[in-house]
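Novice: The structure's right below; bear with me while I get my questions together.
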Amino acid sequence: MIWRKTWRNEISLAVRLLRRDGVVALPTETVYGLAASIKSEVALGKIFQIKGRPLLDPLIVHLLDYNWISKYAYIDGLRVNIKVLTDAFWPGPLTIILQKKPMIPAIVTAGLDFVALRCPAHEIFRKVLKYINVPLAAPSANPFGCLSPTTAKHVQDSLGDKIPLIIDGGACSVGVESTILDVTSDIPCILRPGAISASDIAQALKVPVLDHSPSTSSAVAPGQLKQHYSPNTRLILAETAEDLSLLVKNAFLSQTTEKAAFVYLKRPHDLYCANDIFWLSNKGDYFEVAKSLFDMLQNLDKAEYDVIYCQKAEQKGIGIAINDRLTRAAAKFAN
Ligand code: AMP
Ligand code: MG
């Protein structure tokens, strides 16, 4: 059931469900999350079961603000000033890895000593957190390995029959998952790229930040699979707009029977095969591209295409996160 508009009722229903071992799909600014109270092992188990997610893949825990951290993780003796970090980026799409306290059950962290903490910015998620007054573990509200959900409809279409409540908070404003930053070692290190870049963090902390996300290095964080976020339709990436245009021209000239969709980052000048040409942002703004990326792939996946060709971004800023998601979405089809 998707609820709209009168959020007051939905929020109190969500809190009631979460207090009674239930799970609820909630909007965040990154993607829609499937939330459970960290106090309910039953509900936490449901997250893994509903998503078909392996128990080895740890969950991100969502907090209302900085003041909640010290109850759930150790922040003394770190090289990084967590207050400076959270003042700069919370609420927002930054997840911080810290050493966990016993309040965090092992199922959340896949048995690791470390927990991933985030403070979401979406008004609805924040209200639910405020009223329930307990952290909520929430991975993306989609079947494991599939495209991430950035609208309530995406959640309804893939998991609607398994979730008692989906609160519709509109399209997610960021559209890609949070940046994950490990601050437990000497130098802070990015494990998953997102809207907040290594240089944004380095600037706030005034220290260097390493980028060990799978798209920039061979180091692999727990749960960071090479193949993820995949559509069912074959997805092939083009390095540049020019490369994509060549594929378009070939398809146009060869009169192939294969039905292909072509996705540019920016509206192209030449519109050969116009019906099958798409773009993620009129002017090629990477934040707009990230916002529409999963929605575009979800829609094209449902349309009758044999193949989707998509242009990659330049490897800078949020472009790193866009390429990370695209590369892992396409990994299933590469051989
Ligand atoms: P999502 O499924 O988008 O919520 O992302 C959760 C991801 O966060 C996991 O797949 C891991 O990559 C990462 N993560 C969560 N907890 C930890 C942790 N304790 N240590 C390292 N990475 C983590
Ligand atoms: Mg996910």
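Novice: Anything in region 306-316 that is of a type outside the set (A, V, I, L, M) and surrounded by fewer than 19 Cβ atoms within 10 Å (Cβ to Cβ)? List them, or say none.
Specialist: Listed by number, the residues that qualify are D306, E314, Q315, K316.
Novice: Identify, please: which residue in region 223-262 is hydroxyl-bearing (S, T, Y) and in a helix (DSSP H, G or I) and is, among those, nearest to ligand 2 (Cβ to nearest atom)?
Specialist: S245
Novice: Moving on to the next point. Tell me the residue from Q298, Q315 that is assigned to a loop (DSSP other than H, G, I, E, B) and in contact with a helix residue (DSSP H, G or I) (Cβ under 7 Å, 6 or more places away or on another chain), please.
Specialist: Result of the check over Q298, Q315: Q315.
Novice: OK, next. For region 84-102, how many residues are assigned to a strand (DSSP E or B) and of a type outside the set (A, V, I, L, M, F, W, C)? Before the answer, list the steps.
Specialist: Of region 84-102, the ones assigned to a strand (DSSP E or B) are 92-100.
Those still in the list that are of a type outside the set (A, V, I, L, M, F, W, C) too: 92-93, 95, 99-100.
Count: 5.
Novice: I'd like the full set of residues that are within 13 Å of ligand 1 (Cβ to nearest atom), touching a helix residue (DSSP H, G or I) at 6+ places or on another chain (Cβ under 6 Å) and modelled with pLDDT under 95, limited to region 178-212. Please lay out each step first, then the result.
Specialist: Initially, region 178-212 is screened for residues within 13 Å of ligand 1 (Cβ to nearest atom), giving 178-185, 189-194, 212.
Checking the rest, the ones that are also touching a helix residue (DSSP H, G or I) at 6+ places or on another chain (Cβ under 6 Å) come to 190, 193-194.
If the condition is that a residue be within 13 Å of ligand 1 (Cβ to nearest atom), touching a helix residue (DSSP H, G or I) at 6+ places or on another chain (Cβ under 6 Å) and modelled with pLDDT under 95, then no residue fits.
Novice: Being more than 11 Å from the chain's Cα centre (by Cα), near ligand 2 (Cβ under 10 Å from one of its atoms) and part of a strand (DSSP E or B) is the filter here; which residues of region 135-147 pass it?
Specialist: C146
Novice: If you don't mind, there's one more thing I want to ask. Does region 41-51 hold any residues that are within 17 Å of the chain's Cα centre (by Cα) and touching a residue at least 60 places away in the same chain (Cβ under 8 Å), and which are they?
Specialist: Matches in region 41-51: I47, K51.
Novice: Separate question: Out of G77, G111, report the one residue that is farther than 22 Å from D157 by Cα, at pLDDT below 95, among the small types (G, A, S) and out of contact with any Cys (no Cβ under 9 Å at 6 or more places or on another chain).
Specialist: G77 is the lone residue from the list that is farther than 22 Å from D157 by Cα, at pLDDT below 95, among the small types (G, A, S) and out of contact with any Cys (no Cβ under 9 Å at 6 or more places or on another chain).
Novice: Sticking with this one: Does region 23-35 contain at least one residue that is within 16 Å of ligand 2 (Cβ to nearest atom), surrounded by fewer than 24 Cβ atoms within 10 Å (Cβ to Cβ) and touching a residue at least 12 places away in the same chain (Cβ under 8 Å)?
Specialist: Keep residues of region 23-35 that are within 16 Å of ligand 2 (Cβ to nearest atom), which gives 23, 25-35.
Now drop any that are not surrounded by fewer than 24 Cβ atoms within 10 Å (Cβ to Cβ), which leaves 29.
Of the ones still in play, those that are also touching a residue at least 12 places away in the same chain (Cβ under 8 Å) are 29.
Yes, region 23-35 contains at least one residue that is within 16 Å of ligand 2 (Cβ to nearest atom), surrounded by fewer than 24 Cβ atoms within 10 Å (Cβ to Cβ) and touching a residue at least 12 places away in the same chain (Cβ under 8 Å).
Novice: Tally the residues that are surrounded by fewer than 22 Cβ atoms within 10 Å (Cβ to Cβ) and of a type in the set (A, V, I, L, M, F, W, C), restricting the search to region 287-299.
Specialist: 2
Novice: While we're here: Confirm whether S12 is surrounded by 15 or more Cβ atoms within 10 Å (Cβ to Cβ), of a type outside the set (V, I, T) and over 29 Å from K206 (Cα atoms). Quick ask: steps written out before the conclusion?
Specialist: Values: surrounded by 15 or more Cβ atoms within 10 Å (Cβ to Cβ): no; of a type outside the set (V, I, T): yes; over 29 Å from K206 (Cα atoms): yes.
No.
Novice: Is there a residue in region 83-91 that is surrounded by 17 or more Cβ atoms within 10 Å (Cβ to Cβ) and within 14 Å of ligand 1 (Cβ to nearest atom)? Break it down into steps so the answer makes sense when it comes.
Specialist: Step one: list which residues in region 83-91 are surrounded by 17 or more Cβ atoms within 10 Å (Cβ to Cβ), which gives 85-86, 89-91.
Still in the running and within 14 Å of ligand 1 (Cβ to nearest atom): none.
Looking for residues that are surrounded by 17 or more Cβ atoms within 10 Å (Cβ to Cβ) and within 14 Å of ligand 1 (Cβ to nearest atom), one finds none in region 83-91, hence no.
Novice: Determine which single condition V220 fails, assuming it passes every other condition in (1) among the β-branched types (V, I, T); (2) more than 16 Å from ligand 2 (Cβ to nearest atom); (3) at pLDDT below 95.
Specialist: (2)
For every residue, the table says whether it meets (1) away from ligand 2 (no atom under 16 Å from the Cβ); (2) at pLDDT 95 or above; (3) in a loop (DSSP other than H, G, I, E, B).
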| position | (1), (2), (3) |
| --- | --- |
| I104 | yes, yes, yes |
| I107 | yes, yes, no |
| I124 | yes, yes, no |
| K127 | yes, yes, no |
| P149 | no, yes, yes |
| K153 | yes, yes, no |
| Q156 | yes, yes, no |
| D161 | yes, yes, yes |
| G169 | yes, yes, yes |
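Novice: Let me ask something additional. Against the conditions (1) touching a residue at least 12 places away in the same chain (Cβ under 8 Å); (2) at negative phi, where does D161 fall short? Just the number, please.
Specialist: D161 satisfies every listed condition except (1).
Novice: Which of the residues that make up region 145-168 are surrounded by fewer than 24 Cβ atoms within 10 Å (Cβ to Cβ) and within 14 Å of A329 (Cβ to Cβ)?
Specialist: Scanning region 145-168 gives G145, C146.
Novice: Evaluate the following for G33: is it within 16 Å of ligand 1 (Cβ to nearest atom), at positive phi and not charged (D, E, K, R)?
Specialist: Judged against the criteria, G33 is not a match.
Novice: Looking only at region 109-122, count every residue that is aliphatic (A, V, I, L, M), within 16 Å of ligand 2 (Cβ to nearest atom) and under 20 Å from T150 (Cβ atoms) and tell me the total.
Specialist: 0
The values are calculated or read from the model by the stated rules, or taken from the named source; none is laboratory data. Note that the structure is predicted; figures quoted are calculated from it, not measured. Neighbour counts are summed over all protein chains in view; Cβ atoms, including those assigned to glycine, are modelled from backbone coordinates with ideal geometry.
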